[in-house]
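Undergrad: Dropping the structure in here first, questions after.
The values are calculated or read from the model by the stated rules, or taken from the named source; none is laboratory data. Bear in mind the structure is a predicted one, so any value in this text is a computation, not a measurement. Glycine also receives a Cβ, built like all others from the backbone with ideal geometry; neighbour counts cover every protein chain displayed. What goes into the accessible areas is simple: the full protein's heavy atoms, side chains included, and nothing from ligands, DNA or RNA. Shrake-Rupley method; radii C 1.70, N 1.55, O 1.52, S 1.80 Å.
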Amino acid sequence: MPLSPRPRRLWRDVILFDGLQQLPEPMAVLVEGERIAGLWPEREFDQSLAAGAEQAGRGGVMTPGLVDCHTHLVYAGNRADEFERRLEGVSYAEIAKAGGGILSTVRATRAASADELIAASLPRLDALLVDGVTTVEIKSGYGLTLADELKMLRVARRLGELRPVRVTTTLLGAHALPPEYAGDADGYVRLVCEEMIPAAAAEGLADAVDVFCEGIGFSPAQCERIFQAAHKHGLAIKAHAEQLSNLGGSALAARYGALSADHIEYLDEAGVRAMAEAGTVAVLLPGAFHCLRETQLPPIALLRQYGVPMAVASDANPGTSPICMPSLLANLACTLFRLTPREALAGMTAHGARALGHPELGRIAVGAPADLCLWDIQHPAELAYAVQPGRLRQRIFAGAITHAR
Ligand code: NIG
Ligand code: FE
(Lines give C-alpha, C1' and ligand atoms only; values in the text may rest on other atoms or scores of the structure.)
(Ligands and ions follow the chains in the order given, each with its own letter.)
Protein backbone atom coordinates (compact mmCIF):
# COMPACT_ATOMS: atom_id res chain seq x y z
CA MET A 1 0.00 0.00 0.00
CA PRO A 2 1.47 3.39 -0.91
CA LEU A 3 2.26 5.62 2.04
CA SER A 4 -0.02 8.62 2.26
CA PRO A 5 2.06 11.76 1.74
CA ARG A 6 3.01 13.55 4.93
CA PRO A 7 1.31 16.95 5.24
CA ARG A 8 3.47 19.87 4.14
CA ARG A 9 2.81 23.24 5.71
CA LEU A 10 4.41 26.53 4.86
CA TRP A 11 4.84 29.75 6.79
CA ARG A 12 5.84 32.81 4.80
CA ASP A 13 7.55 36.04 5.72
CA VAL A 14 8.11 35.35 9.42
CA ILE A 15 10.64 37.09 11.66
CA LEU A 16 12.48 34.14 13.04
CA PHE A 17 14.17 33.60 16.41
CA ASP A 18 15.91 30.26 16.02
CA GLY A 19 16.42 29.51 19.73
CA LEU A 20 19.66 31.44 20.05
CA GLN A 21 19.22 34.53 17.92
CA GLN A 22 17.03 36.44 15.55
CA LEU A 23 17.82 35.76 11.90
CA PRO A 24 18.77 38.86 9.90
CA GLU A 25 15.89 38.77 7.43
CA PRO A 26 12.31 37.45 7.14
CA MET A 27 12.11 33.74 6.42
CA ALA A 28 9.93 31.07 4.84
CA VAL A 29 9.58 27.88 6.89
CA LEU A 30 8.47 24.51 5.53
CA VAL A 31 7.27 21.73 7.83
CA GLU A 32 6.82 18.21 6.55
CA GLY A 33 5.13 15.73 8.83
CA GLU A 34 6.57 16.26 12.30
CA ARG A 35 9.79 17.99 11.27
CA ILE A 36 11.12 21.21 9.88
CA ALA A 37 11.99 20.47 6.27
CA GLY A 38 13.14 23.80 4.85
CA LEU A 39 14.21 27.32 5.83
CA TRP A 40 14.80 30.05 3.26
CA PRO A 41 15.18 33.80 3.32
CA GLU A 42 11.79 35.06 2.15
CA ARG A 43 13.29 37.03 -0.76
CA GLU A 44 14.91 33.86 -2.14
CA PHE A 45 11.81 31.72 -1.72
CA ASP A 46 10.32 30.13 -4.80
CA GLN A 47 7.07 28.17 -4.69
CA SER A 48 8.76 25.24 -6.44
CA LEU A 49 10.73 24.68 -3.22
CA ALA A 50 7.55 23.74 -1.40
CA ALA A 51 5.36 22.09 -4.00
CA GLY A 52 2.01 20.99 -2.67
CA ALA A 53 2.45 22.69 0.68
CA GLU A 54 -0.51 24.35 2.33
CA GLN A 55 0.19 27.92 3.42
CA ALA A 56 -0.43 27.89 7.16
CA GLY A 57 0.56 31.42 8.07
CA ARG A 58 2.12 34.66 6.97
CA GLY A 59 3.92 37.33 8.96
CA GLY A 60 4.48 37.52 12.71
CA VAL A 61 7.37 36.32 14.84
CA MET A 62 8.19 32.62 14.89
CA THR A 63 10.09 31.05 17.78
CA PRO A 64 10.68 27.48 18.81
CA GLY A 65 7.94 26.15 21.08
CA LEU A 66 8.85 27.19 24.60
CA VAL A 67 10.62 24.72 26.88
CA ASP A 68 9.79 24.97 30.60
CA CYS A 69 12.67 22.91 31.96
CA HIS A 70 11.87 23.07 35.69
CA THR A 71 8.38 22.67 37.14
CA HIS A 72 6.63 21.06 40.07
CA LEU A 73 3.32 21.14 38.23
CA VAL A 74 1.77 18.06 39.82
CA TYR A 75 0.51 18.65 43.35
CA ALA A 76 -2.68 19.00 45.36
CA GLY A 77 -3.86 21.91 47.50
CA ASN A 78 -2.28 25.33 47.61
CA ARG A 79 -0.30 27.48 50.03
CA ALA A 80 -1.98 30.87 49.88
CA ASP A 81 -1.94 30.89 53.70
CA GLU A 82 1.87 30.70 53.70
CA PHE A 83 2.05 33.47 51.15
CA GLU A 84 0.27 35.69 53.67
CA ARG A 85 2.53 34.62 56.51
CA ARG A 86 5.62 35.33 54.45
CA LEU A 87 4.26 38.80 53.69
CA GLU A 88 4.01 39.32 57.45
CA GLY A 89 7.73 38.55 57.70
CA VAL A 90 7.98 34.81 58.41
CA SER A 91 10.67 33.26 56.20
CA TYR A 92 10.34 30.31 53.81
CA ALA A 93 12.91 28.39 55.88
CA GLU A 94 11.06 29.09 59.14
CA ILE A 95 7.79 27.82 57.69
CA ALA A 96 9.57 24.71 56.42
CA LYS A 97 11.20 24.02 59.80
CA ALA A 98 7.80 24.26 61.48
CA GLY A 99 6.45 21.45 59.27
CA GLY A 100 4.79 23.68 56.67
CA GLY A 101 6.14 24.51 53.25
CA ILE A 102 6.91 21.49 51.11
CA LEU A 103 5.54 19.13 53.78
CA SER A 104 2.18 20.82 53.73
CA THR A 105 1.90 20.07 50.00
CA VAL A 106 3.14 16.53 50.71
CA ARG A 107 0.16 15.94 53.02
CA ALA A 108 -2.30 17.14 50.37
CA THR A 109 -0.59 15.23 47.57
CA ARG A 110 -0.44 11.95 49.47
CA ALA A 111 -4.17 12.25 50.19
CA ALA A 112 -5.02 12.82 46.51
CA SER A 113 -5.74 10.05 44.02
CA ALA A 114 -4.01 10.00 40.65
CA ASP A 115 -7.23 11.23 39.02
CA GLU A 116 -7.50 14.07 41.50
CA LEU A 117 -3.89 15.05 40.82
CA ILE A 118 -4.54 15.03 37.09
CA ALA A 119 -7.60 17.23 37.53
CA ALA A 120 -5.65 19.65 39.74
CA SER A 121 -2.67 19.80 37.40
CA LEU A 122 -4.34 20.11 33.99
CA PRO A 123 -5.35 23.78 34.39
CA ARG A 124 -1.75 24.63 35.27
CA LEU A 125 -0.47 22.71 32.27
CA ASP A 126 -3.05 24.39 30.03
CA ALA A 127 -1.87 27.79 31.26
CA LEU A 128 1.64 26.91 30.09
CA LEU A 129 0.37 25.64 26.74
CA VAL A 130 -1.63 28.77 25.86
CA ASP A 131 1.54 30.78 26.52
CA GLY A 132 3.52 28.70 24.02
CA VAL A 133 5.06 25.79 25.91
CA THR A 134 5.60 22.63 23.87
CA THR A 135 8.00 20.82 26.23
CA VAL A 136 7.69 20.73 30.00
CA GLU A 137 9.68 18.99 32.70
CA ILE A 138 7.65 17.83 35.70
CA LYS A 139 9.18 16.77 39.00
CA SER A 140 7.86 14.52 41.71
CA GLY A 141 8.82 15.46 45.27
CA TYR A 142 5.50 15.89 47.05
CA GLY A 143 4.97 12.18 47.67
CA LEU A 144 8.12 11.16 49.56
CA THR A 145 7.05 7.51 49.82
CA LEU A 146 7.83 5.00 47.09
CA ALA A 147 4.15 4.68 46.14
CA ASP A 148 3.40 8.40 46.21
CA GLU A 149 6.50 9.40 44.25
CA LEU A 150 5.65 6.84 41.56
CA LYS A 151 2.04 8.06 41.61
CA MET A 152 3.24 11.59 40.87
CA LEU A 153 5.51 10.42 38.05
CA ARG A 154 2.70 8.38 36.48
CA VAL A 155 0.44 11.43 36.64
CA ALA A 156 3.14 13.51 34.97
CA ARG A 157 3.50 10.97 32.16
CA ARG A 158 -0.29 10.82 31.80
CA LEU A 159 -0.49 14.60 31.39
CA GLY A 160 1.73 14.22 28.35
CA GLU A 161 -0.82 11.84 26.84
CA LEU A 162 -3.77 14.11 27.62
CA ARG A 163 -2.32 17.19 25.97
CA PRO A 164 -0.17 17.91 22.88
CA VAL A 165 3.06 18.54 24.79
CA ARG A 166 6.32 16.70 25.41
CA VAL A 167 6.69 15.87 29.11
CA THR A 168 9.98 14.87 30.68
CA THR A 169 9.85 13.60 34.25
CA THR A 170 12.25 13.97 37.14
CA LEU A 171 12.29 12.02 40.38
CA LEU A 172 12.77 14.48 43.24
CA GLY A 173 12.52 12.06 46.14
CA ALA A 174 15.14 14.11 47.99
CA HIS A 175 12.97 17.22 48.18
CA ALA A 176 12.26 17.23 51.91
CA LEU A 177 12.58 14.82 54.80
CA PRO A 178 9.15 13.25 55.41
CA PRO A 179 7.95 13.24 59.04
CA GLU A 180 8.15 9.45 59.35
CA TYR A 181 11.94 9.74 58.84
CA ALA A 182 12.47 12.64 61.27
CA GLY A 183 15.97 12.31 62.71
CA ASP A 184 16.96 9.72 60.10
CA ALA A 185 17.79 11.60 56.92
CA ASP A 186 20.34 8.96 55.95
CA GLY A 187 17.68 6.28 56.25
CA TYR A 188 15.44 8.28 53.95
CA VAL A 189 18.26 8.78 51.44
CA ARG A 190 18.66 5.00 51.48
CA LEU A 191 14.98 4.67 50.54
CA VAL A 192 15.51 7.12 47.65
CA CYS A 193 18.63 5.29 46.43
CA GLU A 194 17.60 1.70 46.97
CA GLU A 195 13.88 1.78 46.24
CA MET A 196 12.66 4.94 44.52
CA ILE A 197 15.41 5.30 41.91
CA PRO A 198 15.48 1.61 40.94
CA ALA A 199 11.67 1.44 40.72
CA ALA A 200 11.32 4.64 38.72
CA ALA A 201 14.08 3.51 36.35
CA ALA A 202 12.66 0.00 35.95
CA GLU A 203 9.19 1.34 35.08
CA GLY A 204 10.61 4.03 32.78
CA LEU A 205 8.87 6.68 34.87
CA ALA A 206 11.77 9.10 35.31
CA ASP A 207 14.18 10.66 32.86
CA ALA A 208 16.26 12.34 35.55
CA VAL A 209 16.86 12.53 39.29
CA ASP A 210 16.90 15.81 41.21
CA VAL A 211 17.84 16.76 44.79
CA PHE A 212 17.29 19.77 47.06
CA CYS A 213 20.84 20.43 48.29
CA GLU A 214 20.28 22.89 51.12
CA GLY A 215 20.34 23.32 54.89
CA ILE A 216 16.59 22.68 54.96
CA GLY A 217 17.00 19.94 52.33
CA PHE A 218 19.81 17.41 51.98
CA SER A 219 23.57 17.67 52.56
CA PRO A 220 26.09 17.44 49.73
CA ALA A 221 27.16 14.01 51.03
CA GLN A 222 23.58 12.77 50.89
CA CYS A 223 23.08 14.28 47.44
CA GLU A 224 26.22 12.53 46.25
CA ARG A 225 24.81 9.14 47.24
CA ILE A 226 21.71 9.96 45.23
CA PHE A 227 23.76 11.01 42.19
CA GLN A 228 25.64 7.70 42.38
CA ALA A 229 22.39 5.75 42.45
CA ALA A 230 21.07 7.80 39.52
CA HIS A 231 24.22 7.00 37.53
CA LYS A 232 23.91 3.33 38.34
CA HIS A 233 20.40 3.28 36.92
CA GLY A 234 21.20 5.36 33.86
CA LEU A 235 19.23 8.44 34.88
CA ALA A 236 20.33 12.01 34.24
CA ILE A 237 21.07 14.34 37.15
CA LYS A 238 19.78 17.75 38.13
CA ALA A 239 20.04 19.73 41.37
CA HIS A 240 18.26 22.46 43.27
CA ALA A 241 21.40 24.12 44.57
CA GLU A 242 22.67 27.34 46.09
CA GLN A 243 19.12 28.67 46.44
CA LEU A 244 19.33 29.87 50.05
CA SER A 245 23.02 29.29 50.86
CA ASN A 246 26.23 28.07 49.24
CA LEU A 247 26.88 24.39 50.00
CA GLY A 248 28.76 23.63 46.80
CA GLY A 249 25.88 21.56 45.45
CA SER A 250 26.22 22.89 41.90
CA ALA A 251 29.91 21.97 41.66
CA LEU A 252 29.12 18.54 43.09
CA ALA A 253 26.33 18.04 40.56
CA ALA A 254 28.63 19.22 37.78
CA ARG A 255 31.24 16.64 38.83
CA TYR A 256 28.56 14.02 38.26
CA GLY A 257 27.85 15.41 34.80
CA ALA A 258 24.56 17.03 35.79
CA LEU A 259 22.36 18.39 33.02
CA SER A 260 21.65 21.44 35.14
CA ALA A 261 22.01 23.19 38.47
CA ASP A 262 18.96 25.25 39.27
CA HIS A 263 18.26 28.43 41.32
CA ILE A 264 21.99 29.13 42.04
CA GLU A 265 21.56 32.55 43.63
CA TYR A 266 24.47 31.80 46.01
CA LEU A 267 26.73 30.15 43.40
CA ASP A 268 30.39 31.25 43.61
CA GLU A 269 33.08 31.44 40.93
CA ALA A 270 34.41 27.94 41.64
CA GLY A 271 30.89 26.61 41.11
CA VAL A 272 30.51 28.55 37.87
CA ARG A 273 33.84 27.16 36.65
CA ALA A 274 32.83 23.59 37.53
CA MET A 275 29.59 24.01 35.62
CA ALA A 276 31.38 25.45 32.60
CA GLU A 277 33.81 22.54 32.53
CA ALA A 278 31.04 19.96 32.78
CA GLY A 279 28.67 21.63 30.33
CA THR A 280 26.06 21.91 33.07
CA VAL A 281 23.28 24.39 32.29
CA ALA A 282 22.42 27.14 34.80
CA VAL A 283 18.65 27.17 35.27
CA LEU A 284 17.46 30.56 36.48
CA LEU A 285 14.14 30.67 38.32
CA PRO A 286 13.08 34.29 38.62
CA GLY A 287 9.59 33.35 39.83
CA ALA A 288 10.97 31.86 43.06
CA PHE A 289 13.35 34.80 43.49
CA HIS A 290 10.44 37.18 43.07
CA CYS A 291 7.93 35.38 45.29
CA LEU A 292 10.45 34.89 48.11
CA ARG A 293 11.49 38.54 47.78
CA GLU A 294 15.10 37.38 47.52
CA THR A 295 17.88 39.92 47.19
CA GLN A 296 20.88 37.69 46.43
CA LEU A 297 21.19 37.71 42.64
CA PRO A 298 22.51 34.72 40.69
CA PRO A 299 26.03 35.40 39.33
CA ILE A 300 24.89 36.36 35.84
CA ALA A 301 28.10 38.17 34.86
CA LEU A 302 30.23 35.16 35.85
CA LEU A 303 27.94 32.77 34.02
CA ARG A 304 28.32 34.90 30.90
CA GLN A 305 32.07 35.19 31.37
CA TYR A 306 32.51 31.42 31.62
CA GLY A 307 30.01 30.73 28.83
CA VAL A 308 27.64 28.70 30.98
CA PRO A 309 24.33 28.41 29.09
CA MET A 310 21.49 30.02 31.06
CA ALA A 311 18.01 28.54 30.92
CA VAL A 312 14.94 30.26 32.35
CA ALA A 313 12.07 28.23 33.79
CA SER A 314 8.88 28.73 35.77
CA ASP A 315 9.63 26.49 38.80
CA ALA A 316 5.81 26.35 38.89
CA ASN A 317 5.04 25.10 42.40
CA PRO A 318 2.64 25.96 45.22
CA GLY A 319 5.25 27.45 47.53
CA THR A 320 7.94 29.54 45.95
CA SER A 321 6.60 30.15 42.44
CA PRO A 322 2.87 29.72 41.82
CA ILE A 323 3.34 31.15 38.33
CA CYS A 324 2.38 29.30 35.16
CA MET A 325 3.13 31.97 32.61
CA PRO A 326 6.43 31.68 30.74
CA SER A 327 6.18 35.13 29.17
CA LEU A 328 5.94 36.71 32.63
CA LEU A 329 9.00 34.71 33.67
CA ALA A 330 10.90 35.97 30.63
CA ASN A 331 10.00 39.48 31.76
CA LEU A 332 11.12 38.77 35.35
CA ALA A 333 14.39 37.26 34.11
CA CYS A 334 15.10 40.58 32.42
CA THR A 335 13.84 42.97 35.09
CA LEU A 336 15.19 41.07 38.12
CA PHE A 337 18.32 39.39 36.73
CA ARG A 338 19.01 41.82 33.88
CA LEU A 339 19.12 39.17 31.24
CA THR A 340 18.71 40.61 27.79
CA PRO A 341 15.41 39.69 26.10
CA ARG A 342 17.46 37.56 23.70
CA GLU A 343 19.06 35.68 26.60
CA ALA A 344 15.68 35.18 28.28
CA LEU A 345 14.18 33.79 25.09
CA ALA A 346 17.18 31.52 24.45
CA GLY A 347 16.78 30.44 28.08
CA MET A 348 13.23 29.32 27.38
CA THR A 349 14.07 27.59 24.13
CA ALA A 350 17.52 26.27 23.16
CA HIS A 351 19.10 26.36 26.62
CA GLY A 352 15.98 25.05 28.35
CA ALA A 353 16.04 22.09 25.98
CA ARG A 354 19.70 21.48 26.75
CA ALA A 355 18.90 21.48 30.48
CA LEU A 356 16.65 18.51 29.69
CA GLY A 357 19.23 16.68 27.62
CA HIS A 358 17.24 17.35 24.44
CA PRO A 359 19.35 19.70 22.33
CA GLU A 360 17.27 18.83 19.26
CA LEU A 361 14.34 20.73 20.83
CA GLY A 362 14.12 24.47 21.37
CA ARG A 363 15.68 25.19 17.95
CA ILE A 364 14.38 26.08 14.54
CA ALA A 365 16.61 24.12 12.21
CA VAL A 366 16.10 21.80 9.26
CA GLY A 367 15.51 18.31 10.60
CA ALA A 368 14.44 19.46 14.06
CA PRO A 369 11.03 18.53 15.46
CA ALA A 370 8.46 21.11 14.33
CA ASP A 371 7.48 22.52 17.73
CA LEU A 372 6.90 26.19 16.96
CA CYS A 373 5.10 29.32 18.09
CA LEU A 374 3.83 32.07 15.84
CA TRP A 375 3.31 35.32 17.76
CA ASP A 376 1.42 38.47 16.85
CA ILE A 377 4.29 40.81 17.66
CA GLN A 378 6.84 42.75 15.64
CA HIS A 379 10.06 41.70 17.36
CA PRO A 380 11.07 38.71 19.55
CA ALA A 381 12.09 41.04 22.40
CA GLU A 382 8.42 41.98 22.86
CA LEU A 383 7.81 38.57 24.41
CA ALA A 384 9.92 39.57 27.40
CA TYR A 385 9.09 43.26 27.27
CA ALA A 386 5.31 43.15 27.61
CA VAL A 387 3.31 40.92 29.92
CA GLN A 388 0.31 40.42 27.70
CA PRO A 389 -1.38 37.07 27.26
CA GLY A 390 -3.12 36.31 23.98
CA ARG A 391 -0.35 37.08 21.52
CA LEU A 392 0.16 33.47 20.47
CA ARG A 393 -1.45 33.16 17.03
CA GLN A 394 -0.46 29.54 16.43
CA ARG A 395 1.10 26.85 18.53
CA ILE A 396 2.57 24.09 16.39
CA PHE A 397 3.33 20.79 18.06
CA ALA A 398 5.11 18.03 16.11
CA GLY A 399 4.03 19.74 12.89
CA ALA A 400 0.34 20.04 13.81
CA ILE A 401 -1.33 23.35 14.60
CA THR A 402 -2.77 22.77 18.06
CA HIS A 403 -3.81 26.24 19.02
CA ALA A 404 -4.93 28.87 16.57
CA ARG A 405 -7.28 31.79 16.65
O1 NIG B 1 12.18 24.97 43.49
N2 NIG B 1 13.49 24.67 46.70
C3 NIG B 1 12.87 23.65 46.69
N4 NIG B 1 11.84 23.31 45.92
C5 NIG B 1 10.94 24.19 45.29
C6 NIG B 1 9.90 24.73 46.21
C7 NIG B 1 8.91 23.71 46.57
C8 NIG B 1 7.86 24.19 47.51
O9 NIG B 1 8.06 25.15 48.29
O10 NIG B 1 6.80 23.55 47.49
C11 NIG B 1 11.66 25.28 44.53
O12 NIG B 1 11.70 26.44 44.94
FE1 FE C 1 12.10 23.79 41.96
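Undergrad: I'd like the FRET efficiency for Glu277 and His403, computed as 1/(1 + (r/R0)^6) with the beta carbon distance as r and R0 of 56 Å, rounded to 0.05.
TA: Numbers: r = 40 Å, r/R0 = 0.72.
Efficiency for this residue pair is about 0.90.
Undergrad: Which of Pro123, Pro24, Pro164 moves the most in a Gaussian network model of the chain with Cα springs under 10 Å?
TA: Per the Cα network of the chain with a 10 Å cutoff, Pro24 tops the list.
Undergrad: Give the shape of the range 258-405 as rounded, prolate or oblate, defined through the alpha-carbon gyration tensor: a ≥ b ≥ c are the square roots of its eigenvalues, a/c under 1.5 means rounded, and otherwise the shape is prolate if a/b is larger than b/c and oblate if not.
TA: Because a/c hits 1.5 or more and a/b fails to exceed b/c, the range 258-405 counts as oblate.
Undergrad: A further question on this structure: How many nm separate the modelled label positions at Gln22 and Glu34, each set 7 Å beyond the Cα in the direction of the Cβ?
TA: Roughly 3.3 nm, to one decimal.
Undergrad: Something else about it: Rounded if a/c is under 1.5, else prolate if a/b beats b/c, else oblate: with a ≥ b ≥ c from the C-alpha gyration tensor eigenvalues square-rooted, which is the range 347-401?
TA: oblate
Undergrad: Of the heavy-atom accessible surface of the range 1-148 (probe 1.4 angstrom), what whole percent is carbon and sulfur?
TA: C and S atoms contribute 55 percent here.
Undergrad: Here is a further query. When the accessible area of the range 170-243 is split by element with a 1.4 Å probe, what percent falls to carbon and sulfur?
TA: Whole-percent figure for carbon plus sulfur exposure: 50.
Undergrad: Calculate for the chain the 222 nm mean residue ellipticity that helices alone would give, adding -39,500 (n - 2.57) per DSSP H run of length 4 or more and normalising by residue count, nearest 500 deg cm²/dmol.
TA: Rounded to the nearest 500, it is -9500 deg cm²/dmol.
Undergrad: Oh, and also: FRET efficiency for Thr295 and Asp126, Cβ-Cβ distance as r, R0 = 22 Å, nearest 0.05? All intermediate terms of the calculation are to be shown ahead of the outcome.
TA: Details: r = 33 Å, r/R0 = 1.52.
It comes to 0.05.
Undergrad: Pick from Thr170, Thr295, Thr145: which residue has the top mean-square fluctuation in a GNM of the chain where Cα pairs under 10 Å get a spring?
TA: Residue with maximal mean-square fluctuation among Thr170, Thr295, Thr145: Thr295.
Undergrad: Under 21 Å between alpha carbons, and skipping anything fewer than 8 positions from Lys232 in its own chain: which lysines qualify?
TA: Of all the lysines, those that pass the test against Lys232 - Cα under 21 Å, at least 8 places apart if same chain - are Lys139.
Undergrad: Under 10 Å, Cα contacts only: if you run a Gaussian network model on the chain, which one of Gly52, Gly132, Gly19 comes out with the highest mean-square fluctuation?
TA: The residue with the greatest mean-square fluctuation here is Gly52.
Undergrad: Something else: What shape does the range 135-280 have by the C-alpha gyration tensor, where a ≥ b ≥ c are the square roots of the eigenvalues, rounded means a/c under 1.5, and otherwise prolate means a/b greater than b/c and oblate the rest?
TA: On the way: a/c = 1.77, a/b = 1.24, b/c = 1.42.
The shape class here is oblate.
Undergrad: Do any trypsin sites (Lys or Arg not before Pro) in the range 1-88 lie in a DSSP loop with no more than 13 other beta carbon atoms within 10 Å, and if so, which?
TA: Filter output for the range 1-88: empty list.
Undergrad: Another one. Would you mind checking which residues have amide H under 5 Å from Ile36's amide H? H placed 1.01 Å from N; only 5 or more apart, or other chain.
TA: Gly367, Ala368, Ala370
Undergrad: OK, next. Label points 7 Å out from Cα along the Cβ direction at Tyr181 and Arg6: separation in nm?
TA: Distance between label points: 4.5 nm.
Undergrad: For the range 297-383, run through the chymotrypsin sites (Phe, Trp or Tyr not before Pro) and keep only the ones in DSSP coil with at most 11 other Cβ atoms within 10 Å of their Cβ.
TA: When the chymotrypsin sites (Phe, Trp or Tyr not before Pro) of the range 297-383 are filtered for loop state and at most 11 Cβ neighbours within 10 Å, nothing remains.
Undergrad: If you keep only loop residues by DSSP, which trypsin sites (Lys or Arg not before Pro) in the range 110-165 have at most 11 other Cβ atoms within 10 Å of their Cβ?
TA: Details: sites: Arg110, Arg124, Lys139, Lys151, Arg154, Arg157, Arg158; in loops: none.
The qualifying sites: there are none.
Undergrad: R0 = 22 Å: FRET efficiency of Gln305 with Asp268, Cβ-based, nearest 0.05?
TA: According to the calculation, E is roughly 0.95.
Undergrad: OK, next. What fraction of the DSSP beta bridges in the chain is antiparallel, stated in percent and rounded to the nearest 5?
TA: 45
Undergrad: Separate question: Please calculate how many Å² of accessible area the chain carries per residue, with a 1.4 Å probe and no DNA, RNA or ligand atoms counted. List each step's numbers first, then the result.
TA: Working: 15530 Å² over 405 residues.
Per residue, the chain has an accessible area of 38 Å².
Undergrad: If you don't mind, there's one more thing I want to ask. Mind ordering 184-197, 378-391 by average Cβ neighbours within 10 Å, highest first?
TA: Working: 184-197: 18.3, 378-391: 16.1.
Packing order, densest peptide first, comes out as 184-197, 378-391.
Undergrad: Starting with the highest mean, order 328-335, 313-320 by the number of other Cβ atoms within 10 Å, averaged over the residues of each peptide.
TA: 313-320, 328-335
Undergrad: Please name whichever of Thr170, Val211, Leu20 sits farthest to the positive end of the charge dipole of the chain, dipole taken about the Cα centre and charges placed at Cβ: Lys and Arg +1, Asp and Glu -1.
TA: My answer, from the dipole projection, is Leu20.
Undergrad: Return the distance in nm (one decimal) between the two label points of a simple spin-label model at Ala119 and Ser91, each offset 7 Å from Cα along Cα→Cβ.
TA: It works out to 3.9 nm between the two label points.
Undergrad: Could you look at the range 293-405 and say what percent of its accessible area is carbon and sulfur, using a 1.4 Å probe and all protein chains? Before the final figure, lay out each step's value.
TA: Numbers: 2360 of 4320 Å².
Heavy-atom surface of the range 293-405 belonging to carbon and sulfur, 1.4 Å probe: 55 percent.
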